[in-house]
1. Please work out which one of (1) surrounded by 21 or more Cβ atoms within 10 Å (Cβ to Cβ); (2) over 18 Å from the mean Cα position of the chain (by Cα); (3) at pLDDT 95 or above; (4) of a type outside the set (Asp, Glu) is the condition Gly231 fails and give its number.
2. Could you count how many residues in segment 206-216 are surrounded by fewer than 18 Cβ atoms within 10 Å (Cβ to Cβ) and not in a loop (DSSP other than H, G, I, E, B)?
3. If you scan segment 194-205, which residues turn out to be open to solvent by 50 Å² or more (accessible area, probe 1.4 Å) and either part of a helix (DSSP H, G or I) or among the β-branched types (Val, Ile, Thr) (or both)?
4. So which helices (runs of 4 or more DSSP H) are wholly in segment 99-190 and hold at least 2 residues that are modelled with pLDDT under 50 and open to solvent by 90 Å² or more (accessible area, probe 1.4 Å)?
5. Examine segment 209-224 for a residue that is of a type in the set (Gly, Ala, Ser), free of Cβ contacts under 8 Å to residues at least 40 places away in the same chain and more than 23 Å from Arg115 (Cα to Cα), and state whether such a residue exists.
6. Can you pull out every residue in segment 26-44 that is assigned to a helix (DSSP H, G or I) and at pLDDT below 60?
7. Please name all residue pairs, on different chains or six or more residues apart, with Cβ atoms under 6 Å, provided the first residue is in segment 256-270 and is without any contact (Cβ under 8 Å) to a residue 60 or more places away in the chain and farther than 19 Å from Arg343 by Cα and the second residue is charged (D, E, K, R) and assigned to a loop (DSSP other than H, G, I, E, B).
8. Would you tally the residues in segment 304-325 being touching a strand residue (DSSP E or B) at 6+ places or on another chain (Cβ under 7 Å) and modelled with pLDDT of 90 or more?
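The values are calculated or read from the model by the stated rules, or taken from the named source; none is laboratory data. Because the structure is predicted, anything quoted here is derived from the model rather than measured. Glycine gets a Cβ as well: all are built from the backbone with ideal geometry, and neighbour counts include every protein chain shown. We work out accessible area using only protein heavy atoms, side chains counted, and drop any ligands, DNA or RNA first. Shrake-Rupley method; radii C 1.70, N 1.55, O 1.52, S 1.80 Å.
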Amino acid sequence: MPPPVMSDRGTKRTAAPPPPARRFRSMEEVMRDAKRVDPLTREGYSEVRCEQCRLGDGENELVLCDGCDKGFHIYCLRPIVVRVPTGSWFCPECQDSKPLTRFPITQTKILDFFRIQKNSTSEIKCAPSEDIIPDGKKRKRRWTPLARQKKRRRLLPYIATEDPQRRLQQMASLATALTSLKMEFSNELTYVPRMAPRYKNRASLEKEGMQVLPKEDKETLELCQAMYKRGECPPLMVVFDSCEGFTVQADGHIKDMTLITEYTGDVDYLKNRETDDCDSMMTLLLGVDPADSLVICPDKRGNIARFISGINNHTPDGRKKQNLKCVRYNVDGECRALLVACRDISPGERLYYDYNGHEQEYPTHHFV
C-alpha cells in the first residue's frame with residue numbers, strides 16, 4: 001500500500017498509484033501481424049495514364065504528383081515542364097499557393113522593392129539619346145570609313161516609357177511575378193556563400209575565348225543600369241499565359257540592337273547544378289577545365305530576364321519567333337550575359353530567345 005502524503009492543511013491522504021509500465025511490441029510480433037504486399041514491378045505502373053491526354057505512352061516523360069498520385073506528361077502540362085523533376089513535384093491542383101488569380105498585384109512599395117533612388121518617380125524622364133553617356137556629356141563621333149561602320153553595330157540603350165504611371169505598372173507586373181516565385185529583385189550578378197566566389201568569374205578561363213565588350217557598348221550597359229536605378233525600366237510588361245506561364249511582352253517599340261537587360265542571378269559552379277530542376281539557368285562560363293564552368297541561377301534572385309521565354313528551335317515556326325539573342329561578353333575581365341534585340345520588336349509582341357545558342361543541349365522540343 002502506498003505511503004500517506006501530508007497535505008498543506010496537515011491532513012493525511014493516500015498518494016495516487018504509479019502508472020503501469022508501458023509494454024512495447026517486439027519486432028517478431030510486428031512482423032507476424034503485418035500484411036504481405038506484393039513487390040513493385042514495372043508492370044505496376046502500366047495502368048498510369050496522363051490526366052490530360054488519357055494516354056499511358058511516353059513513360060520516360062510521365063510524372064506522378066506527390067500529392068494525388070495522378071500522372072501527367074511533362075509536355076501536356078500548362079505551363080509545360082521542360083524535364084522530369086528529380087525532387088518532389090505537385091500538379092497544379094495540389095499546389096498550395098495560387099497567386100496568379102490576382103495578377104497583376106498592385107505593388108504599394110515599388111521604390112523599395114526595386115531599390116530605386118528616392119527621387120520622385122513623377123520626375124523621371126525618358127532615356128537619353130544614344131549620343132549621351134552617363135556623365136551627361138555628349139559622345140564625340142569618330143570618323144570611320146563607311147565599310148568599317150557596317151562591320152560592327154553598336155548596342156543601343158532601351159527607351160523607357162514616358163508615362164510614369166505606365167512605368168509603375170510595368171514594374172508592378174515584374175514585382176508580382178517575382179513575388180509569386182518567392183524571388184528577390186537583383187539587376188546584377190550575385191555571389192553568395194557556398195557557391196562560386198566572384199574571383200572565379202574570369203573571362204580568361206573561357207574555353208575558346210570570349211569577346212570583349214567594346215568601350216562604347218560598355219557605356220551603354222552602364223547607362224541602362226543607371227537608368228533602372230532611377231526607375232526608368234525597359235518598356236516591358238510581364239503577363240501570365242495559361243500555356244507558357246509567366247512571359248514578357250514589349251510595351252512599346254523596341255529597335256534592333258537594343259540592350260534589353262542583363263541576365264542576372266546567383267553564380268554557381270555548373271557541377272553543382274547538373275541535376276538542378278531550375279528551368280532558367282544560363283551558361284556564364286564554359287571553362288577549359290569543366291570544374292571552372294559557371295552558370296547563372298535565377299531561382300532566388302533575378303530580374304525580368306527570368307521570365308523571357310525560349311523558342312522551340314526544333315521547328316521553323318519556332319525559330320521565326322526569336323527576336324532576342326543572348327550574348328556573353330568579357331566586361332572588365334568578368335563574364336556577363338546580355339539579352340539584345342536581334343530585330344525590331346513591335347508593341348504587344350512577346351520576347352523569345354534561343355536558350356541553347358551554339359550548345360544545342362537544352363531540351364526545347366516541347367516549347368510552344
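1. (3)
2. Initial filter on segment 206-216 (surrounded by fewer than 18 Cβ atoms within 10 Å (Cβ to Cβ)): 207-209, 211-212, 214-216.
Pick out the ones that are also not in a loop (DSSP other than H, G, I, E, B) and you get 212, 215-216.
Matching residues across segment 206-216 total 3.
3. Filtering segment 194-205 for residues open to solvent by 50 Å² or more (accessible area, probe 1.4 Å) gives 194, 198-200, 202, 204.
Across segment 194-205, the qualifying residues are Arg198, Tyr199, Lys200, Ser204.
4. Working: elements: 110-113, 146-151, 164-180.
Result: 146-151.
5. Taking segment 209-224 and keeping what is of a type in the set (Gly, Ala, Ser), we get 209.
From what's left, free of Cβ contacts under 8 Å to residues at least 40 places away in the same chain: 209.
Remaining after also requiring more than 23 Å from Arg115 (Cα to Cα): 209.
Checked against the condition, which is being of a type in the set (Gly, Ala, Ser), free of Cβ contacts under 8 Å to residues at least 40 places away in the same chain and more than 23 Å from Arg115 (Cα to Cα), segment 209-224 yields at least one hit.
6. Initially, segment 26-44 is screened for residues assigned to a helix (DSSP H, G or I), giving 27-33, 42-44.
Arg42, Glu43, Gly44 - these are the residues of segment 26-44 that are assigned to a helix (DSSP H, G or I) and at pLDDT below 60.
7. none
8. To start, the set of residues in segment 304-325 that are touching a strand residue (DSSP E or B) at 6+ places or on another chain (Cβ under 7 Å) comprises 304-305, 307-311, 321-325.
This time we only want the ones that are modelled with pLDDT of 90 or more, so: 304-305, 307-308, 323-325.
Residues meeting the conditions: 7.
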